[in-house]
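These notes are about the structure you will find just below.
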Amino acid sequence: MNKPFSVNEIMSEAWNFAKKNIWILLGFTAVQFVVILMVTTFLTGIFGGESTTSVLLQNIILSLFDAFFTVAFYQVIFKLIDEEGEPEFPDFVPNLMKALNFLLVKLIIGIILVFLIGIITSIYFRNSPDIDTTDVFSPKLLPVFLLIAVPVTYFTIRLCFVVCFIVDQESGASESISQSWTITKGHFWMMFVLFLIILALNILGAMALFVGLLFTVPFSTLIIIITYRQLVNSYAEEEDILIEKSEN
């Protein structure tokens, strides 16, 4: 590898990009929040929220909307990074196949995490059957929460670039998972620091009457995209080497 970079460099580049395109970031996120809120309200009115089936249907539909918005946002950001000028309407229309690939990735990762969490909790509660699981604030539950947080955090960081590969390189679901796993190898702790920064930013955004989230949420995604580009460019042959490594 070459072309070393740092967390400070990533944050500086993300901040400069955000200032230049502030109204696009705010506008897109505001529309996304409003649409998701309207869809949630509509689905609750139709399906209700009592039965497991209705909750499952609502989650599936919301996940579909979220996938389309996520892919569309990534498309716009890559367009702004790679080309001069303002994005046009077609850039905001999400690619159906990319959105479906992203949904499939979310399903695969969700199944893996549920499986891991199931194993951890079953082992923990088998050895401590007297714990009251109804009290989520019980100190006895802290160890199991920490044990769950470790694999969730690890997988979240190692697979955080799947959408980037799906949108930027038109990778499939399994290919994007393999590529994200490859590109984050050896960079876990740098990514961990970035995720702590992202967490802190969104906490501050929520504290600002949640209005701050209109900026911190897209800015967090922007940090991920900028980091992705920095990591890809750190390979001598860039994407070609990355794809070759992920396929081996």
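Using 23 Å as the Cα-Cα cut-off, could you pick out the over-long pairs in 20/98; 106/185; 19/79?
Flagged as over cut-off: 20/98.
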Give the shape of the stretch 168-240 as rounded, prolate or oblate, defined through the alpha-carbon gyration tensor: a ≥ b ≥ c are the square roots of its eigenvalues, a/c under 1.5 means rounded, and otherwise the shape is prolate if a/b is larger than b/c and oblate if not. prolate
Let me know the charge dipole size of the chain about its Cα centre in debye, to the nearest 20, where only the beta-carbon of Lys, Arg (+1) and Asp, Glu (-1) is charged. 680 debye
At 7 Å along Cα-to-Cβ for each site, give me the label-to-label distance between residue 189 and residue 209 in nm. 4.2 nm
With n ≥ 4 as the cut-off for DSSP H runs, can you work out [θ] at 222 nm for the chain, using -39500 (n - 2.57) per run divided by the number of residues, rounded to the nearest 500? -26000 deg cm²/dmol
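Give the peptides 141-152, 18-29, 83-94 in descending order of average Cβ contacts within 10 Å, highest first. Show your work: numbers first, answer last.
Working: 141-152: 13.0, 18-29: 15.5, 83-94: 11.4.
Top of the packing list down: 18-29, 141-152, 83-94.
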When only Cα pairs under 8 Å and 6 or more residues apart are kept, what is the percent relative contact order across the chain? 27 percent
Of 158, 229, 126, which has the most accessible area and how do the rest follow, probe 1.4 Å? 126, 229, 158
Shape of the stretch 18-170 from its Cα gyration tensor (a ≥ b ≥ c, root eigenvalues): rounded if a/c is under 1.5, otherwise prolate when a/b > b/c, or oblate? prolate
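The values are calculated or read from the model by the stated rules, or taken from the named source; none is laboratory data. Quantities reported herein were computed from a predicted structural model and do not represent experimental measurements. Don't worry about glycine lacking a Cβ; one is built from the backbone with ideal geometry, like all the others, and counts go over all protein chains shown. For the accessible areas, the whole protein counts, side chains as well, though only heavy atoms, and no ligand, DNA or RNA atoms are used. Shrake-Rupley method; radii C 1.70, N 1.55, O 1.52, S 1.80 Å.
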